[in-house]
Structure formats: C-alpha cells, structure tokens
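> This is the structure I want to talk about, given as structure tokens.
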Amino acid sequence: MITVFRDLLRHDSRFRFATAFLSAVFVMILLSFISPYDPGKTFKVTTDMPPSFAHPFGTSSRGQDIFWWMTYAVRNSLFLGIMTAVISRVIAIFVGMTAGYSGGFIDRALMSVNDSFVVMPILPVLILLSFLIKGKMNLMTLSLILGLFGWPWDARLIRAQVLSLKERAFTRTAIYAGSGPFSVTMHEHLPFVLPVVFATTINNLLWSIGMEVTLSVLGLSDVTIPTIGTTIYWANQHQALVAGVWWWLAAPIVVAIVLFLGLYLLFSSINEYIDPRTRLRRIGG
Amino acid sequence: MPLLSVENLRACYKTEVYGISRQVRAVDDISFQLEPNEIYGVAGESSCGKTTLIKIISGNTKPPLCVEGGEVRYEFGEHSVDMLKIGEKEMRELVRWKEISYVMQGSMSVLNPVRKIIRTFEDIIQTHEGIPNRRVFSDRITAHVNKLGLPADVLWAYPHQLSGGMRQRVAIALATVFNPKLIIADEPTTALDVVVQRGVLQLLKEIQAESRNTVLFVTHDLTVHANVADRVAIMYAGRIVEEAPTETIFHSSRHPYTRHLIQSLPVIGDKTCKPGLGGTPPNLANPPSGCRFHPRCPEVLEICRTVAPPMTALNEKHRAACHLIKESGK
Amino acid sequence: MSETAKLLDVRQVSRFFHIGGLLNGTRIIAANGISFFLDADKPEIFTLAGESGSGKTTLSRLLLHDLDPSLGSVHFEGQDLASIKGRRAGMEFMKKVQPVFQNPFDTFSPLRRVEDYLYDTAINFGRARSRKDAVPVAEEALHLVGLSIEEVTKRYPHELSGGQIQRVSVARALIPKPKLIIADEPVSMVDASLRMAIVNLFKKLRDEQGVSVIYITHDLATAYYISNRIAVMLRGYVVEAGPVEAVLDRPLHPYTKLLKESVPKPAPEDRLSWAKRIGLSTTEVKDYGKVGCKFAARCPQAMDVCLTADPPDVAADGRQVKCYLYSTKAN
C-alpha cells in the first residue's frame, strides 16, 4: 500500500496535485471537530466582516464565522457524496454482474428495471420527494435517495464488461476448475470491472455533491445542516452578492472547486494505475 | 546489386511507466542482403525480433521503438533510399506501396469492412498516383484481378462476404497493384486452413515468378519455407543464427537450433519419437550472456556462455553463428 | 458390447444453429450425424481433424457438455450427458472430463497468478481441504507435465512462455484425475520449438497415466505422430475415420487426399508438386446449403450421384469412408 502511494506520488503529477488539494480538504474536515463555533448558533460574531486574520473566510450576515462553518460544510458534503457513491456502486456492481453473468430471464428483468430508472427524470422526482418528506430530510436520507438513483448507467456498463469477459477462455478454465458462479464473478471478472467502477465513482461523487447543491440552493433540504449547498442558499437568502458580502459566496465555490479537482485528479491517476493494461506494463508484461 | 542491404542493425523498445523503465533489445546486430528476383524466408519464433525487423525495414519506426545503429539501404534501380533517414513525403510518394508493399496476417487490417473492395483499391491508387479516368481505372483493376485468377465480382463485394482465403488473395492483389520491387509478407497464411494456405502461397509464387520481384517472407512455420523460399534466415533472440539456401537449411544445417527445429518437424508417415527442446524462449529484456541460445543448446561449450559467436561464412551462400564451427567448413 | 465398456459413446449427434432473423435466417448444421466411441479399457488418443467450419469446435463443446445436441446423444461411462443437471452432477462429470484450450495466453486470467487455478481445482474437486494442502497436489501434477513448482509459483501468465502455460493447463486438467481430456488445438499457438514437448506429453498421458485424449487439430502431421485413430471432418460430417496409419498413409476419401497433399512437407525438393494450382472457394456459407456430398464441388472424382444425397458410410480397407466411390451400390 505504501509502495503504491510512493510510486504514484513520485511519478504522477496528477496524484501530487490531488494529494495537495485533498490534504487541504482533509485538514479542514479535521478542524471541524475542534471548531470553536457551533454551526447551529447564529449571531455569535460581528456580521459581514471581510476575510481577516481572525476570520480567514470572513463572517456572514447571520453572524457566523464562514471558515469554521465551511469546515462542517465540507465534512457533510463529502460524507454525503461518499455515502451516495458507496450505495450506488454496490447496487450497480450487484445488478450489473448478476445480469451479465446470468443472462436469460434474470438479465432481461434486471435491465428492464435498470432502464426504467435511466429514463426517469431525477430532478423533478427529487424535488417532489423532498417536498413530501420535508423536515425529515437529513443527510442519510438524501444520500440513500441519491444512491438509489445513481446506479443504472454504471450497471449497464458493468454488465457489458461482464458479457465480454464471459467469452474469454479463462472464464471456462475457472468453471472447469470447479469454481461456482460467485467465485468466478469475484475472482475472474471483478478485477477487470473495478477500473470501470472507479472511473464511474468519480462521476457519481461529483454528481451527487452537485445534486445536493442544487437541492439545497432551492431550499429543499434541511437548511440548518451546513453543506456547500446550504451555504450558497443562505448567502442567496441574504442577497450576499448585492450586499457586497462576496466572500460568503466565494468560500463555498472555491472549496467546491478544490474538492472537485482533487477528487477528479485522484481518481484519474488511481484509475490509470489499476487499469489491467497498465498493471501488466508495470509487472513487466 | 542487392535490392536491400541491412548492416549491423540494432534497435530496442524503451518503455517507462511508474518509474520502471524497461529496455527490450529486439534486434541486435543484424546484417543481411536481399537480391532481386528471390523469395527470402525469415524463420523464428515469438520474441525473436522478426516483427521489429519488418517494422524497421518498412520504415515504420515509431516510439517506443527506436533504432540505435546500423544501416538500411535500398537500391530501386532509378533511386536509392536510406530507410532510416527518409522523410514522410518521400516515403508516401515514391516508396510505400510503389516500391515496397506488405501482405500481413489478417487481411481485415488492410480491407475496410464497411467499404466494397473496389473502393479500397480506389483509395490506394488515389493516394499514390491519382485517378484521372474512372473507366481506365476500373478496367485496369479488373484486368489485374483477373490475372491473379480471382473472379471480377470479388471487387464489388464487402470483405465479410468473402472467405478468409479469398480475402488474403485480395490483399495480395492490393499489394501488387503498382508492381513493387519488394513485397513483405508477414505470416500471411498463418491463420488459414491448410488447403487455402496452399492456394494463397501458390498465387504468391506465381506472382513472384512472373514479375521477378523480391518477396521477404516471414513465418515461424518451417514447412512453408521449405515449399516457398529460395533462401532462409533463422532468427533467435534478435540475431540471425543461420542463413542458407533452403535445401541446405533442411539437409545440412550447422547451427544446433536450426538442426533441432528441422529434426523436430513431424511428418505424416513418420511415428518415430521426436524430442522437444528444453528451456524457454529468451527474455529480450534480460537476454542470456554470450550466445543467446546457450541455456537450451544440447551441444553447449564453455565459451558459449560468455562470448557471442561471430557470424562465420561456411561457403559463399551459407553462414552461421556458432562456436562449434571452425573457420570455413568443418 | 455392454454399455459401460465404452468410455465415450457419441451416437448420431447433430447440432443445428440458426443464424439470421426469424423470417430470413438459415440453419447451419454444424455437426451432422456424428458417431464414434472410445473404449474404456484402452486409453487412446483420438484425433478430430478438420479445417475451419468443419464442426470440430462444436463437437468439442458437445463433448464437454457446454452445448446439448439437437439430435442424437453423447454418453460418458454409460450416462447420457443430457441427464446431467445441477451442480453436483456437473462437478462429478467435470472430475472425469477436462479441457485444454487453444490460446495459452487467454487460458488463465492475466491478473491472477497461475498457481491459484491449480489450488482452486484441487480444493474444489476434493483433493485438498485448504490452500496449504493443495500445494503438494499441485506439485505432483506439475511434476507429471515436466515442470517444477519453483518455475510456476507466484508467476503471472505473461511471465511464462506459451509452452509452459500449456503444460500448466494440462497439469490443472490432471488434478481431478480425469479419464478423458478434450484438447482443442492445444499446440497451434505454441512456438515450434516448444510444440513437441506438449505433444509428447499427451503421448505420455496415454501410455503412463491411462488418460484418453480427444485431440482436435488441423495439423495432420502432429495428429499422425501421436494418435491411434483419426476422424476427418468436413462441414459437420465425418468423411473418413479409422486407424491413423491407414487413413493418412493410404487415404481413400478425396478430401483426405487433398488435405494430405496440401500439408507442406519439410522437403524442398518436393515443392513443385505442392505448388500445383488448385481451386479455392469464394464464399463459405454457400456450401452449407448444398444437397449431397459437401465436397462434390471441389472433388476431382465427383459423379452425378454425389449431388443427389448424402453419401453413405462405407467400411473399406480397415476404416470408414463417407463416399460414393467406395459404395457398392453406386458401382
């Protein structure tokens, strides 16, 4: 593991940038645990102060220190993104590999469900759902719902990969070695599927954080929970741009950019690293 | 006047990924000559360097392949070409397909699957010569194809409608459209059935006999060389270990590797036991010292482990690189 | 002869494939009325020889129970393969019949160590309880094929040569102690210098281990070298079958004669006769639809009757031929 880290750090400039960006994000997340300000309480500090030494990101019209608020915001947004990604990856891998390997009726049934989700318009449905369960919408619920919408594209991708892997001779070798379907899927096919999964994870993460921002800006999630999206919501509520409190909007946007870039570069470099073809070139094939 | 002179050619592949750099020496000090009006066979197994050799000879050296030394010179009568220095424009206008053409394994790499055969002919002639008159072009192609014994309606078919053997013969027709002086055939019949292979090779031989050009025929299958080639060079681990007229290779070869290859060929009618060769093919990233064949050689001497044997001329046409041979003719 | 005395009994097996759409497709008869059997007491190497489109790959899949026949049946040790249902019965069958595949570099996953397949086979077929116990089992199998565990341990497929991988493939097939190995073109993708080692290995399996081998190939020379009997296939039919010396030294069927003549011999002095111009077919699908003998279009000895119906199987000169030339009714 350490050697992997060291190899990537040394040779891949993307990974270096990614490490830099994500370290900054990680530090912010750690700081959130020692925040001197409780994000639930307002009007604790002087309002609308520009960035200074005491308040690195300035203060908001609600009397909150934006920097410490952002530490919570980043933590929550990332948590949401990761939960969504995990839930949807698990579903996508399960559905995609089962459909691909089984074929026949199971495949058709699963793909019908899959395609129904693909054609469903997500944003209107999410808006509807958030109206219905307003009040009970917290991060876990939101990530669950987003996870349930985020798997279909990737399931099809995975299924296509499995379909082609089924034709390879080594699948037959594994069958004649006595391996059952589960073992064949895990040991033979999954290593080829994982790079696809990684590539789509980043998409999924970015999509889910973006979705959350959209919903929050519209005021449809629990706006008392600090996230990147709710920060922008509050800033808009107080007409921050018109009032000249530009740092209130700049903070979440800059943080979002750093987060997105960091994640993208990280997964881009890891994805190339674990791609079977690069692995082969590394081992010496 | 030799058509092609290759002297002391050395080339390697350099790859660098995640800090691991590898250098694979694919062609190590190769020298040979091609004469006009002959079929020259190159035999060797996987990882012997023959594909690399073809790439260099046909002017197709792109990174990670890099040529480290040596000369590749052509004499095409009207002009001579230094393949290692030639520019892309000159290559396209004068040399490629007009003086040198290729027949590769897998005709599908030459034939565009979504275009009819005649369109592929059009593309090639348009690129290298231009088509001033459609009718003249059409007649010329039909005549060419008929001369090779192919029915004219092959031109109006899509590649997937033709059988494998027919596609390969179309590939040969494409390769001979400008009557080049050198045809490089790289495993042209390896994937074909034995009867079809016979038909395709017979066509190739007829073409060579009639136009009196040179064919560089590369395959690992020695029995094909026995029936097709005039001279054969045996390659091992990036070097030529023996070169001689075909009959000499098959009946009086001197290098242990050649002798083993010939002896282990199964023949219908012969059930005597033929032993396999031990060991494994060499790893070109880390080749054995001295003679590359020494770990597997049944007649290895002490000197073979440290000193690479020089190429010794046994007579005017036969040379081999082996320490077992004393100076000219033992 | 009693049922159980036959190791493998193929009875009038046919297999159809439908290509094209519902309305305008054609039916391809990949295997057509194939029958042969292997004795249980006499291990042998039986060659299925043919070119592409002959049906030999389809037949290999039928024998491995990958496909079911459309007509006829395949019996192994008296049991009809079609009656094998469920995982347990499938495993019992796989214990006795194992494959060796053509492409050494696709036989094992490039991302897994080759030895893992050996251990998996040992554990799954009950010859070892854990990975630790599986190591001596793997060692024994590797030793049988002439490899040592050191050469193989911790290696990925690309670190071994084609010949070594094929030998590991055979070793893996030997772990469940099978009675029959189906080898589908096992040496066609292996270098010439390593080929004879694998081919000799099959001989050793027959002579010393009592394992029968169905050797599928298009290379008549190696077929002659190791097999006891041979069946020559053309477009789904067996056109000639019998002891390999009889069939290949003195071929009767015109197609077998053509095949034998077309095999290039390592004798440069004989090259002129090999280079005689022969006719080749333009397209291949047309042949499938024809009535009568599938070789009639190219046969130098074709008669009118050859185009009317499938030729009968005739016993002649110690083997079986599917040809009107040898049928007493035509003469």
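Just so you know, all these numbers are worked out from the coordinates, no wet-lab data involved. All figures in this text were calculated on a predicted structure; none of them were measured in a lab. We place every Cβ from the backbone using ideal geometry, glycine too, and count neighbours over all the protein chains shown.
> Just tell me how shielded B:195-208 is by partners: mean number of partner chain Cβ atoms within 10 Å of each residue's Cβ, no decimals.
Whole-number average of other-chain Cβ neighbours for B:195-208 is 4.
> Sticking with this one: What Rg and what Dmax come out for region B:1-89 when only alpha-carbon atoms are used, in angstroms?
Taking only Cα atoms of region B:1-89, I get Rg and Dmax of 14.3, 49 Å.
> If I build a Gaussian network model for chain A, linking alpha-carbon pairs within less than 10 angstrom, which residue out of A:Glu188, A:Glu167, A:Glu272 has the largest mean-square fluctuation?
Greatest mean-square fluctuation among the candidates belongs to A:Glu167.
> Among C:Ala82, C:Ile45, B:Thr280, whose Cα lies farthest out toward the positive end of the dipole of the protein assembly as shown, if unit charges sit on the beta carbon of Lys, Arg (+1) and Asp, Glu (-1)?
Most positive-ward Cα: C:Ala82.
> Given Cα positions, please report Rg to Rh for region A:60-283, the hydrodynamic radius being the Kirkwood one. Each step should come with its number before you reach the end.
On the way: Rg = 21.0 Å, Rh = 19.4 Å.
When Rh is taken as the Kirkwood radius, the ratio is 1.08.
> Same structure, new question: Picking from B:Thr258, B:Thr219, B:Thr15, which is most flexible by a Gaussian network model of chain B using Cα springs under 10 Å?
B:Thr15
> What is the calculated FRET efficiency for B:Ser31 to B:Ile86, with r their C-beta to C-beta distance and R₀ = 22 Å, to the nearest 0.05?
Efficiency, from the Cβ-Cβ distance: 0.65.
> Another question, then. Relative to the compact-globule scaling 2.2 N^0.38 Å, provide the ratio for the alpha-carbon radius of gyration of chain B.
1.06
> Students often check this: by mean Cβ neighbours within 10 Å, which of B:223-229, C:5-11 ranks highest, and how do the rest follow?
Answer by packing, highest mean first, reads B:223-229, C:5-11.
> Return the FRET efficiency for the residue pair A:Ser102, B:Ile20: r is the Cβ-Cβ distance, R0 is 35 Å, and the value is rounded to the nearest 0.05.
My answer for the efficiency is 0.30.
> Once you measure Cβ to Cβ distances between cysteines in chain B, which Cys have no partner under 4.7 Å?
Unpaired cysteines in chain B: B:Cys12, B:Cys48, B:Cys66, B:Cys273, B:Cys297, B:Cys322.
> Among B:50-63, B:233-246, how do they line up by average Cβ neighbours within 10 Å per residue, starting with the highest? It would help to have the intermediate numbers written out before the result.
Values: B:50-63: 18.1, B:233-246: 24.1.
Per-residue mean Cβ counts within 10 Å order the peptides as B:233-246, B:50-63.
> Dipole of chain C, Cα-centred, from +1 at each Lys and Arg C-beta and -1 at each Asp and Glu C-beta, to the nearest 20 debye?
460
> Any aspartates and glutamates with Cα under 15 Å of the C:Lys85 Cα? List them, leaving off those in the same chain fewer than 8 positions away.
C:Asp66, C:Asp68
> Work out the mean other chain Cβ neighbour count within 10 Å for the residues of C:254-265 and drop it here as an integer. Present the calculation step by step, with values, prior to reporting the outcome.
Working: counts 0, 1, 0, 0, 3, 4, 3, 3, 7, 7, 13, 7.
That works out to 4 on average.
> Now for a different question. Looking only at B:Asn315, B:Asn133, B:Asn283, which one moves most when chain B is put into a Gaussian network model with springs between Cα atoms under 10 Å?
Taking springs between Cα atoms under 10 Å, the residue moving most is B:Asn133.
> If a helix is a whole DSSP H run, which ones in chain B reach 18 Å or further along their own axis (Cα) and hold a mean Kyte-Doolittle hydropathy of at least -1.0?
Helix filter hits for chain B: B:134-147, B:194-211.
> Then there's this: Would you list, by chain and number, the lysines whose Cα falls below 20 Å from the Cα of B:Lys55, excluding same-chain residues fewer than 8 positions away?
Cα-Cα hits under 20 Å: B:Lys14, B:Lys85, B:Lys89, B:Lys98, B:Lys181.
> Could you give the size of the charge dipole of the protein assembly as shown about its Cα centre, using +1 on the Cβ of each K and R and -1 on the Cβ of each D and E, expressed in debye and rounded to the nearest 20?
The calculated dipole for the protein assembly as shown is roughly 1040 debye.
> Taking 30 Å as the cut-off for C-alpha to C-alpha distance, list the pairs among B:Lys116/C:Lys322; B:Lys116/C:Lys56; C:Lys56/C:Lys179; C:Lys132/C:Lys177 that go past it.
Distance filter (> 30 Å) returns B:Lys116/C:Lys322; B:Lys116/C:Lys56.
> Additional query: Could you work out the pair-distance distribution P(r) of chain C from its alpha-carbon pairs, with 20 angstrom bin width and percents rounded to whole numbers?
Values per bin, smallest distances first: 29, 56, 16, 0.
> Over all Cα pairs of the protein assembly as shown, how is the pair count split among 10 Å bins, expressed in % and running from 0 up to the last occupied bin?
2, 9, 16, 19, 18, 15, 10, 7, 4, 1, 0, 0
> For a quick protection proxy, order the peptides B:31-43, A:57-69, A:22-34 by their average other-Cβ count within 10 Å, most packed first.
By packing density, highest mean first, the sequence is A:57-69, B:31-43, A:22-34.
> Consider all pairwise Cα distances in region A:148-248 and report the whole-number % of them above 24 Å. Walk me through the intermediate numbers first.
Working: 2524 of 5050 pairs.
When every Cα pair of region A:148-248 is considered, 50 percent fall beyond 24 Å.
> When Cβ neighbours within 10 Å are restricted to other protein chains, what is their mean count per residue of peptide B:165-173?
1
> Sticking with this structure for a sec: For chain A, which DSSP H helices look membrane-span-like by this rule: Cα extent along the axis of 30 Å or more and mean Kyte-Doolittle of at least 0.5?
A:66-102, A:190-217, A:246-274
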